[in-house]
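Note sheet for the following structure.
The values are calculated or read from the model by the stated rules, or taken from the named source; none is laboratory data. Small disclaimer: the values here were computed from a predicted structure and weren't measured. Virtual Cβ from ideal backbone geometry, glycine too; neighbours counted across all protein chains shown. We work out accessible area using only protein heavy atoms, side chains counted, and drop any ligands, DNA or RNA first. Shrake-Rupley method; radii C 1.70, N 1.55, O 1.52, S 1.80 Å.
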Amino acid sequence: MEINNVLVYTEQHKFVRGSIELDNGIIRKIALAGEDGDNGDNDVLYAIPGLVDIHFHGCMGADLCDAEPDTIRTLAEYEAGQGVTTICPATMTMPVAELRKIMANIGAYRGDTGAHFAGVNMEGPFISAANKGAQAADNIIPCDVELFRELNKLSGDRIRLVDIAPEEPGAMEFIEAVRDEVVVSLAHTGADYDTAMEAFQKGANHVTHMFNGMQPFHHRNPGVQGAAADAAAYVELICDGVHIHPAMVRAVFRLFGSGRVCLISDSMRAAGLADGEYTLGGQAVTVRGKRAVLANGSLAGSVTNLMNCLRTVVLEMGIPLEQAVQSATETPARSVGLFDRCGSIAPGKQADIVLLDRELKIRQVFVGGRAIVQ
């Protein structure tokens, strides 16, 4: 089939009028008119790659840590309907026995509907109790290489990210041991600049939901944020309009560029549902509007999805659409080793495409060439 007369988001990060040919779940050919931008046609559609969310916990009442047979399918089907066509959901800081069940459930998943399930983000339990955020302190343990490898084996070698606090005992040795097996991300950490730089030099190259769950970005103590800038690490941003001020989002895009900023949703199980009482990592969460909080007032993930985050950064925070699309597709895909299959519209890649109107509302989603939103 063909998608004709759309503004195609190219690998040069520009919109060019053209058409896309899909065949057997793959992008076969792109024909461009050589005309950049658009001519003001109100009916024009933007064709962008399907979004790639490498950090979210749940939606529609389900959470990856539920470890139920249908959990991942629930996540995949909801996300696909929101234009998120590749997912890498995250675990929480759970007891080791629970983590074994969760990873075994991941290893058993053979989904064939909804978004592509590309692996898992292991957020905890190797973090700092002092910067735990919405993670459960009782379940935090030191970095353990053998435990990580056991859990990864149970998951079917599907762990793509492991999140750690580099200042904790054994963390640097852990980075050196697993850096060739998984992406190591700094998270829920009180690390200063020097400690974070040492972690990056030893093989970490990613920062989990930057600014949240870590020390502030201070002019004399630049911490993880300053080290990440100097090390050219990938950094995640939760752009739901709650977690980070718009001015800081704009500053991060200027400092890191859209080729290093990964937009994430960090959504919990209330995403797609009404206000009410929910749970995250075994802890009670109250959801009111855009905010999900623990009893102590700490933010407990978001209640949005990645497409809404993309709309927020463009329509409310002033980030150009071209940059926002890169940060929600190509950059996260590159950061976890998925860019060979998704993250851009190019021949040979999965036919994962989202058509948006001028208001960035979804008109159509294709996952593996199959239309799922009419």
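So for the stretch 41-50 (the condition being in contact with a strand residue (DSSP E or B) (Cβ under 9 Å, 6 or more places away or on another chain), modelled with pLDDT under 95, surrounded by 13 or more Cβ atoms within 10 Å (Cβ to Cβ) and not acidic (D, E)), does at least one residue qualify?
Yes, the stretch 41-50 contains at least one residue that is in contact with a strand residue (DSSP E or B) (Cβ under 9 Å, 6 or more places away or on another chain), modelled with pLDDT under 95, surrounded by 13 or more Cβ atoms within 10 Å (Cβ to Cβ) and not acidic (D, E).
What do you reckon, is I238 in contact with a His (Cβ under 7 Å, 6 or more places away or on another chain) and among the β-branched types (V, I, T)?
yes
With in contact with a Leu (Cβ under 6 Å, 6 or more places away or on another chain) and farther than 26 Å from T71 by Cα as the only criterion, which of A247, A324 stands out?
Matching residue, one of A247, A324: A324.
Please specify each residue of the stretch 322-347 satisfying the condition of being outside any helix (DSSP H, G or I) and over 23 Å from L7 (Cβ atoms).
V336, G337, L338, D340, R341
Quickly run through the stretch 130-167 and pick out the residues that are aliphatic (A, V, I, L, M) and under 23 Å from the mean Cα position of the chain (by Cα).
Matches in the stretch 130-167: A134, A136, I140, L151, L154, I159, L161, V162, I164, A165.
Looking for something β-branched (V, I, T), open to solvent by 20 Å² or more (accessible area, probe 1.4 Å) and in a helix (DSSP H, G or I) - is there at least one such residue anywhere in the stretch 128-141?
Within the stretch 128-141, not a single residue is β-branched (V, I, T), open to solvent by 20 Å² or more (accessible area, probe 1.4 Å) and in a helix (DSSP H, G or I).
Only one of (1) over 24 Å from S265 (Cα atoms); (2) surrounded by 21 or more Cβ atoms within 10 Å (Cβ to Cβ); (3) under 23 Å from the mean Cα position of the chain (by Cα) fails for H116. Which number is that?
It fails just one condition, (1).
Out of the residues in the stretch 154-185 that are more than 20 Å from Q135 (Cβ to Cβ) and assigned to a loop (DSSP other than H, G, I, E, B), state the one that is most open to solvent (accessible area, probe 1.4 Å).
D180
Going by the structure shown, is T85 open to solvent by less than 20 Å² (accessible area, probe 1.4 Å), under 20 Å from V336 (Cβ atoms) and in contact (Cβ under 8 Å) with a residue 12 or more places away in the chain?
Yes.
Out of the residues in the stretch 286-342 that are in contact with a His (Cβ under 8 Å, 6 or more places away or on another chain) and closer than 17 Å to H243 by Cα, which is surrounded by the fewest Cβ atoms within 10 Å (Cβ to Cβ)?
L299
Return yes when V249 is aliphatic (A, V, I, L, M), open to solvent by less than 50 Å² (accessible area, probe 1.4 Å) and without any contact (Cβ under 8 Å) to a residue 12 or more places away in the chain and no when it is not.
no
Here is a check on your reading of the model: is A31 among the hydrophobic types (A, V, I, L, M, F, W, C) and open to solvent by less than 10 Å² (accessible area, probe 1.4 Å)?
No.
Residues checked against (1) under 14 Å from H55 (Cβ atoms); (2) part of a helix (DSSP H, G or I); (3) in contact with a Cys (Cβ under 8 Å, 6 or more places away or on another chain):
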| position | (1), (2), (3) |
| --- | --- |
| N221 | no, no, no |
| D240 | yes, no, yes |
| R250 | no, yes, no |
| A271 | yes, no, yes |
| G297 | no, no, no |
| M307 | no, yes, no |
| T312 | no, yes, yes |
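Pairs, please: C-beta under 7 Å, at least 6 apart or cross-chain, first residue basic (K, R) and in the stretch 1-14, second open to solvent by less than 90 Å² (accessible area, probe 1.4 Å)?
Short answer, once both residue conditions are applied: K14/E322.
Take the stretch 88-113 and flag every residue that is open to solvent by less than 30 Å² (accessible area, probe 1.4 Å), over 19 Å from T279 (Cβ atoms) and in contact (Cβ under 8 Å) with a residue 40 or more places away in the chain.
C88, M103, I106, G107
Working only within the stretch 62-96, note down all residues that are assigned to a loop (DSSP other than H, G, I, E, B) and either in contact with a strand residue (DSSP E or B) (Cβ under 7 Å, 6 or more places away or on another chain) or within 23 Å of N139 (Cα to Cα) (or both). Can you show your working first?
Applying the first criterion (assigned to a loop (DSSP other than H, G, I, E, B)) to the stretch 62-96 yields 67-70, 82-83, 88-89, 91-95.
Hits for the stretch 62-96 are A67, E68, G83, C88, P89, T91, M92, T93, M94, P95.
Within the stretch 199-220, which residues are in contact with a helix residue (DSSP H, G or I) (Cβ under 7 Å, 6 or more places away or on another chain) and either of a type in the set (A, V, I, L, M) or over 20 Å from I164 (Cα atoms) (or both)?
Correct list: A199, A204, V207, M210, M214.
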